[in-house]
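As structure tokens, the structure follows; a few thoughts come after it.
The values are calculated or read from the model by the stated rules, or taken from the named source; none is laboratory data. Values in this document were obtained by computation on a predicted structure and should not be read as measured data. Don't worry about glycine lacking a Cβ; one is built from the backbone with ideal geometry, like all the others, and counts go over all protein chains shown. For the accessible areas, the whole protein counts, side chains as well, though only heavy atoms, and no ligand, DNA or RNA atoms are used. Shrake-Rupley method; radii C 1.70, N 1.55, O 1.52, S 1.80 Å.
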Amino acid sequence: MMIDDNIDLEELETDADDGQLYEHFRFVCDPGQAPLRVDKFMCEKLNHSSRNRIQKAADEGFIHVNDRPVKSNYKVRPGDVVTLMLDRPRHEVSILPEDIPLDIVYEDDSLMVINKPAGMVVHPGAGNFTGTLVNAIAWHLRDVKSFDPNDPEVGLVHRIDKDTSGLLVAAKTPEAKSRLGLQFFNHDTHRSYLALVWANMQEDEGRIEGNIARDPRDRLRMTVLPPGSEEGKPAVTHYRVVERFGYVTLVECRLETGRTHQIRAHMKSIGHPLFADERYGGTEILRGNRSSTYKAFVQNCFRICPRQALHAQTLGFVHPATHEQMDFTSPLPADFAALIEKWRGYMNGRSSEGRPCLHEVCRVVTDEDEVNGLAVDKEIIFET
């Protein structure tokens, strides 16, 4: 039996929500078992799965020996109990067409570009076996006899998080999926996201680099490893400031790589978690003054956009059949747009009272004041 394709989260976002691991395979080493690397051992047992995929499963913490996660180079010994643990229960998923509306940006005989709303799970998984984007695509293409939603050689080429909105591409033919998949693998696609992050970013643009791995303290979260780490997967995010609101900043993020929760984890690692991102600490009031008015304002913002403020805004690739460059842009969804307008109104409201706006406050605070967190005036405390 083949390991489920969902193990490889190279480009994908996980939809599992419960944090629990479920046993899929169990092997007990024979009394005469010679020392053998666990990845090679698993290759022999799961002979339809590649060693590279098994190694990636180990990197994600899915290969356990005697109930503890191990790395690929662990050597099994007589009596060891080796298990494959995944973040979803074993389930024979048959993707059935469901009449769910789709926002289709572009479609031809080879592919579809879809604008996914926040809150929609992309692919069936633990706790979400129906009502997904894949079910909706199956319904839309139900009359296309050559399209089988259960065939892994067609369908979605990449994913985004359940609570992230924006653009995705799905392939209708094996040729299209293979060629598009190669572009994603080689990082030849063009993708950018808009994100609202906590705090005023000091630089107008920058580059974040750091290997990403699953957080051992919270399996639903990813973490950025220290420089020079050989664990995890290399990840690079480029960002550019679009608009500043003093206590939060709107940035455009361009992915050089595509890792699970890449933007969310990278921004958290440099002290700028995404606004309203509960998993990465963004639902705390991390910057701003301590007045009850300001706290009420932020709580209202959380209600307006009750999910991480992240939107897959642009997507570009070479068409797999015509070889033309295809570029798409998705406008901000209503909740995200309302959130931005709320912060703009807050900024304009403060400066219209004859007080310095937060941008001006940022320019006059000294380095020493920043370190000591001194009050700029009676209400505003600027924190970087």
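For this structure, a couple of remarks:
- Among residues other than Leu274 with Cβ under 9 Å from its Cβ, the summed charge is +1 (Lys and Arg +1, Asp and Glu -1).
- Count Lys and Arg as plus one, Asp and Glu as minus one, and take only other residues whose Cβ is under 15 Å from that of Arg142; the net charge is then -4.
- Of Lys71/Lys268; Lys45/Lys172; Lys56/Lys172, pairs whose Cα-Cα distance is over 31 Å: Lys45/Lys172
- Alpha-carbon centroid distance for the pair the stretch 174-222 / the stretch 305-348, whole angstrom: 15 Å
- Relative to the current alpha-carbon distance between Asp103 and Val318, full extension at 0.36 nm per residue lengthens the span by 75.3 nm.
- Å² of accessible area per residue within the stretch 184-299, as computed with a 1.4 Å probe and no ligands counted: 44 Å²
- Rg/Rg_globular for the stretch 110-200, with Rg_globular taken as 2.2 N^0.38 Å and Rg from C-alpha atoms: 1.17
- With every protein chain in place, the stretch 179-312: carbon and sulfur % of accessible area (1.4 Å): 47 percent
- For the stretch 53-166, a Kirkwood radius taken over Cα pairs fed into Stokes-Einstein (10 °C, viscosity 1.306 mPa s) yields D = 96 µm²/s.
- Net +/- balance of residues flanking Asp99 in space, Cβ distance below 14 Å, scoring K and R +1, D and E -1: -1
- Sequence-distant residues sharing a close amide H with Leu36 (under 5 Å, placed H): Val76
- Here the label points at Glu278 and Val236, each 7 Å from Cα along the C-beta direction, are separated by 3.5 nm in the simple model.
- A 1.4 Å probe run over the protein chains yields, for the stretch 45-177, 46 Å² of accessible area per residue, whole-number rounding.
- A probe of 1.4 angstrom, applied to the heavy atoms of all protein chains, finds Met42 with accessible area near 0 square angstrom.
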